[in-house]
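A.B. asks: So that we are looking at the same thing, I have put the structure below in structure tokens.
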Amino acid sequence: MATIKDIADLAQVSMATVSRVLNYDETLNVTPETRKRIFEVAEELNYVVTQKKKTKKKGLIGLYYSYSLEEELLDTYYLSIRVALEKKLESMGMELYNINKDDTKRSISKIDGIICLGTFKKVDIELIKSFEKLSVFVDANPDKNCFDSVIIDFHSATKSALDYLMELGHQNIGFIGGVETDMYGNRFKDLREDVFESYLKEKGIFNGDFVKNGGYNPKDGYLILKEMLSADAKPTAVFVANDTIAVGCYKAAYELGVRIPDDLSIVGFNDVSSAQYMVPPLTTVKLYTEIMGETAVDLLLERIASKREICKKVTIHTKLIIRDSAATVKK
């Protein structure tokens with residue numbers, strides 16, 4: 001008798017993919033060619049699908065995200081939020097439908113509400129509005145009059161990192177970040193950079209030469225820190241917009257013979273799981289991504305149930321995790 005493993009071996013896919021295709025899992029993202037190949041192999045082997053007793057689902061929630069899977073793997077911030085909200089929905093017996101730009105009001109008519117994750121342009125916002133479904137945005141607040149939102153308190157998070165570096169005696173503090181795109185497609189500074197600039201100007205120690213932007217990835221962190229440390233005037237500490245950038249900074253410092261934290265202090269942002277295993281372990285701002293995902297689900301379901309008309313914005317606070325990548329500045 002043929003098994004799922006037999007089909008997976010012949011179709012050259014995973015057993016999980018075979019199982020989900022044969023059970024007509026609509027949330028599975030595979031090509032039509034792959035589906036066709038799996039069914040053909042199953043038929044060739046005379047495989048009989050064992051019908052599982054299905055529990056009645058309590059609702060259908062749409063998920064619309066603005067980033068690619070490649071970007072999600074490069075910076076696991078959105079990945080961890082997505083996993084958290086998926087687990088929350090699963091625990092409540094609810095189904096999830098991945099919305100894409102080809103969907104229409106008609107194609108998602110059975111969806112109860114939408115969770116939007118990422119940074120969106122005007123065209124995305126207009127598409128979401130056209131669905132006429134209650135929606136909650138995670139990590140964005142594009143229209144406070146139309147949507148609920150769950151966001152991070154970037155102001156206090158950035159200030160906590162800078163306060164810590166100043167307590168260690170640092171006056172020459174650099175910033176490495178990226179460029180965001182708003183709902184209208186306009187490019188603008190990272191909110192952390194705005195807080196960094198205004199706060200250090202308030203303290204009288206802001207230096208624009210120590211502020212650099214690129215992408216939110218290790219490569220740009222590597223290149224930017226090399227450039228920053230090659231100038232005549234150098235920072236003694238750097239605050240970076242995410243831990244992924246910090247990885248590149250570590251490599252640049254190593255190649256230049258700059259010791260962390262003896263010669264250069266680094267503070268990251270996100271507290272990804274690997275941050276504690278970097279050498280030295282990275283001091284970073286912890287974001288509670290699991291709580292963000294769960295809160296988004298709770299907020300959406302509460303609005304669906306209550307038919308609340310007034311929008312809510314929930315702000316999730318952060319915590320500075322002190323490890324070994326920052327030290328007292330050398331006199």
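A.B. asks: Working out 0.36 nm times the residue gap between LEU60 and SER130, then minus their Cα-Cα distance, what length gain in nm do you get to one decimal?
C.D. replies: 23.4 nm
A.B. asks: What nm value, rounded to one decimal, do you get for the distance between VAL314 and ASP194 when each label is placed 7 Å out toward the C-beta?
C.D. replies: That separation, rounded to one decimal, is 2.4 nm.
A.B. asks: Using Cα extents along the principal axes in Å as the read-out, say which of [x] 76, 50, 31; [y] 61, 60, 45; [z] 56, 44, 41 was calculated from these coordinates.
C.D. replies: [x]
A.B. asks: Express the carbon and sulfur contribution to the solvent-accessible surface of the stretch 89-150 as a percent, rounded to the nearest whole number, probe 1.4 angstrom.
C.D. replies: C and S fraction of accessible area: 46 percent.
A.B. asks: Need one number: nm distance between label points at ASN98 and PHE39, each 7 Å from Cα along Cα→Cβ, rounded to one decimal.
C.D. replies: Inter-label distance under the simple model: 2.0 nm.
A.B. asks: Take the solvent-accessible surface of the protein heavy atoms, probe 1.4 Å, and return the percent of it on the stretch 182-331 that carbon and sulfur atoms account for.
C.D. replies: Of the solvent-accessible surface of the stretch 182-331, carbon and sulfur hold 52 percent.
A.B. asks: With θ set to phi - 60°, apply the Karplus curve 6.51 cos²θ - 1.76 cosθ + 1.60 along the stretch 124-138 and write out the HN-Hα couplings as whole Hz, x wherever there is a Gly or Pro.
C.D. replies: Running phi through 6.51 cos²θ - 1.76 cosθ + 1.60 with θ = phi - 60° gives 5, 4, 5, 5, 4, 4, 5, 5, 6, 10, 4, 9, 10, 9, 10 Hz.
A.B. asks: Largest first, what is the accessible-area ranking of LYS129, LYS330 with a 1.4 Å probe?
C.D. replies: Numbers: LYS129 70, LYS330 125 Å².
Accessible-area ranking of LYS129, LYS330, largest first: LYS330, LYS129.
A.B. asks: Please find, in a Gaussian network model of the chain (springs between Cα atoms separated by less than 10 Å), the residue of GLY174, GLY214, GLY113 whose mean-square fluctuation is greatest.
C.D. replies: For the chain, modelled as a Gaussian network with Cα springs under 10 Å, the answer is GLY214.
A.B. asks: Return the sequence-ordered ³J(HN,Hα) values of the stretch 201-210 in whole Hz as given by the Karplus equation 6.51 cos²θ - 1.76 cosθ + 1.60 applied to θ = phi - 60°, using x for Gly and Pro.
C.D. replies: Per-residue couplings from phi come out as 5, 4, 8, x, 10, 6, 10, x, 5, 8 Hz.
A.B. asks: Among GLU302, GLU193, GLU95, which one shows the biggest mean-square fluctuation in a GNM of the chain, springs joining Cα atoms closer than 10 Å?
C.D. replies: GLU302
A.B. asks: I've got another one for you. Scan around ARG308 for amide H atoms under 5 Å from its own, H built in the peptide plane at 1.01 Å from N, and keep only partners 5 or more places away or cross-chain.
C.D. replies: Here nothing satisfies the definition.
A.B. asks: Also, I was wondering about something else. When ligands, DNA and RNA are left out and all protein chains stay put, how many square angstrom of accessible area per residue does the chain have with a 1.4 Å probe?
C.D. replies: Working: 17550 Å² over 331 residues.
Here the residues of the chain average 53 Å² of exposed surface.
A.B. asks: Between helix 32-44 and the chain, what is the angle of the helix's C-alpha long axis to the longest principal axis, kept within 0 to 90° and rounded to the nearest 10?
C.D. replies: 40 degrees
A.B. asks: In nm, to one decimal, how far is the modelled label at ASP143 from the one at VAL30, with both set 7 Å along Cα→Cβ?
C.D. replies: Here the answer is 3.8 nm between the modelled labels.
A.B. asks: If amide hydrogens are placed 1.01 Å from N in the peptide plane, which non-local residues have theirs closer than 5 Å to the one on PHE175?
C.D. replies: Amide H to amide H, under 5 Å and 5 or more residues apart or across chains, PHE175 pairs with VAL211, LYS212, PHE239.
A.B. asks: Ordering THR295, THR328, THR119 by how much accessible area each has at a 1.4 Å probe, largest first, what is the list?
C.D. replies: I get THR328, THR119, THR295, largest accessible area first.
A.B. asks: If the viscosity is 0.890 mPa s and the temperature 25 °C, what Stokes-Einstein diffusion coefficient in µm²/s follows for the stretch 247-331 when Rh is the Kirkwood radius over Cα pairs?
C.D. replies: 159 µm²/s
A.B. asks: Would you mind checking which residues have amide H under 5 Å from ASN217's amide H? H placed 1.01 Å from N; only 5 or more apart, or other chain.
C.D. replies: none
A.B. asks: Still on this structure: Output wanted: per-residue J couplings in Hz (rounded whole) for the stretch 146-157, from phi through Karplus 6.51 cos²θ - 1.76 cosθ + 1.60, θ = phi - 60°, x for Gly and Pro.
C.D. replies: Going residue by residue, I get 10, 10, 6, 8, 10, 10, 8, 7, 5, 4, 5, 5 Hz, with x marking Gly and Pro.
The values are calculated or read from the model by the stated rules, or taken from the named source; none is laboratory data. Being a predicted model, the structure only gives us computed values, none of them experimental. When we count neighbours, we look across all protein chains shown, and the Cβ atoms used for this are built from the backbone with ideal geometry, even at glycine. Please note that ligands, DNA and RNA were not included when accessible areas were found on the heavy atoms of the full protein model with its side chains. Shrake-Rupley method; radii C 1.70, N 1.55, O 1.52, S 1.80 Å.
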